[in-house]
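Written below as structure tokens is the structure these notes are about.
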Amino acid sequence: MQLAVIAAGFVLEVVAWRAVAAGRASLWRLIVAVFAVEGVVAAIVLPPIASGHETVAVALAAGAASGLALWAGTLAFVAVAVRWQPFRADVAERYERAAEVSLPAAIALSILVAVPGEELFWRNLVQRRFGVSSEMVGAALAWLGYVAVNAASGSLPFIAGAVVGGAVWGGLAWWSGGIAASVASHGVWTALMLARPPASGRVEVTPG
């Protein structure tokens, strides 16, 4: 059952990202809906553990701190990477799409739906399922899968974020033995990337 859910989630994310990349669907409607469904189903087939090796308070604090550090590192990286025109264009397009909804709505959807959904699926279900015999193998396979589905977006910033962020969040889940740390890190990073974005910044779009 768990393997079937993992396979279905992988395919669903790839299809959804390709639809968004082709302009046939909205990131905020389709992708967030996919993450919501994945998170609910993942939690049902494998109930999540908040933190197994550390206290929840320590896991949350470490996660929040790593999210802040990851955001600062992302700003520094993007400041250099935007000198490459294709990356600069992708960053601008990413924030144009982010502005399809208001900033408060984007942060709320990300923190309350998208981030928990991704973490429940990737760091809870996938990483734990493949980490039964070796937690390191589970973390590595979850990271590879996460990078692969984000690569389907065709967006350089998304792919870069998945490579680095996926490694950090997988490492936090491995270290803490649960998803509290990775959820906190992912949530802080995402909220800051929306509220205080790098490079071109966020462009507010008035719905028409």
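Could you identify the single residue in R202, R129 that is surrounded by 16 or more Cβ atoms within 10 Å (Cβ to Cβ), modelled with pLDDT of 95 or more, more than 14 Å from the chain's Cα centre (by Cα) and basic (K, R)?
None of the others qualify; the one that does is R129.
Return the only residue of F77, F87, F121 being within 24 Å of A8 (Cβ to Cβ) and aromatic (F, W, Y).
When all the criteria are applied, what remains is F121.
Consider region 19-57. How many of its residues are farther than 21 Å from S110 by Cβ and touching a residue at least 60 places away in the same chain (Cβ under 8 Å)?
Matching residues across region 19-57 total 8.
When you go through (1) in a loop (DSSP other than H, G, I, E, B); (2) more than 13 Å from the chain's Cα centre (by Cα) one by one for S153, which number turns out not to apply?
(2)
Is there a residue being at pLDDT 95 or above, in contact with an Asp or Glu (Cβ under 9 Å, 6 or more places away or on another chain) and in a loop (DSSP other than H, G, I, E, B) anywhere in region 160-171?
no
Applying the selection to region 186-202, what residues are assigned to a helix (DSSP H, G or I) and touching a Phe, Trp or Tyr at 6+ places or on another chain (Cβ under 6 Å)?
If the condition is that a residue be assigned to a helix (DSSP H, G or I) and touching a Phe, Trp or Tyr at 6+ places or on another chain (Cβ under 6 Å), then H186, W189, L192 are the ones that fit.
Report yes if some residue within region 114-127 is farther than 27 Å from I6 by Cβ and in contact (Cβ under 8 Å) with a residue 12 or more places away in the chain; otherwise report no.
no
Before we move on, is S26 more than 21 Å from S176 (Cβ to Cβ) and among the polar types (S, T, N, Q)?
Taking the combined requirement at face value, the residue satisfies it.
Name the pairs: first residue in region 136-149 and modelled with pLDDT of 95 or more, second residue assigned to a helix (DSSP H, G or I) and surrounded by fewer than 18 Cβ atoms within 10 Å (Cβ to Cβ), Cβ to Cβ under 6 Å, at least 6 apart or on different chains?
Partner pairs satisfying both residue conditions: W143/A167; V147/V163; V149/V14.
Being over 19 Å from V183 (Cα atoms) and either at pLDDT 95 or above or surrounded by 17 or more Cβ atoms within 10 Å (Cβ to Cβ) (or both) narrows it down to one residue among S110, S153; which is it?
Going through S110, S153 in turn, the sole match is S153.
For region 19-131, which helices (runs of 4 or more DSSP H) that fit wholly inside it have 2 or more residues that are more than 21 Å from W143 (Cβ to Cβ)?
In region 19-131, 32-45, 56-81, 85-98, 103-109 are the helices (runs of 4 or more DSSP H) which contain 2 or more residues that are more than 21 Å from W143 (Cβ to Cβ).
From the residues in region 172-199 that are more than 13 Å from E54 (Cβ to Cβ) and among the small types (G, A, S), which one is surrounded by the fewest Cβ atoms within 10 Å (Cβ to Cβ)?
Per the stated criteria, the residue is A195.
Do we have A59 as touching a helix residue (DSSP H, G or I) at 6+ places or on another chain (Cβ under 7 Å), closer than 20 Å to I159 by Cβ and among the hydrophobic types (A, V, I, L, M, F, W, C) here?
For A59, the condition - touching a helix residue (DSSP H, G or I) at 6+ places or on another chain (Cβ under 7 Å), closer than 20 Å to I159 by Cβ and among the hydrophobic types (A, V, I, L, M, F, W, C) - is not met.
The values are calculated or read from the model by the stated rules, or taken from the named source; none is laboratory data. All of these numbers come straight from a predicted model, not from anything done at the bench. Please note: Cβ atoms are built from the backbone with ideal geometry, for glycine as well, and neighbour counts cover all protein chains shown.
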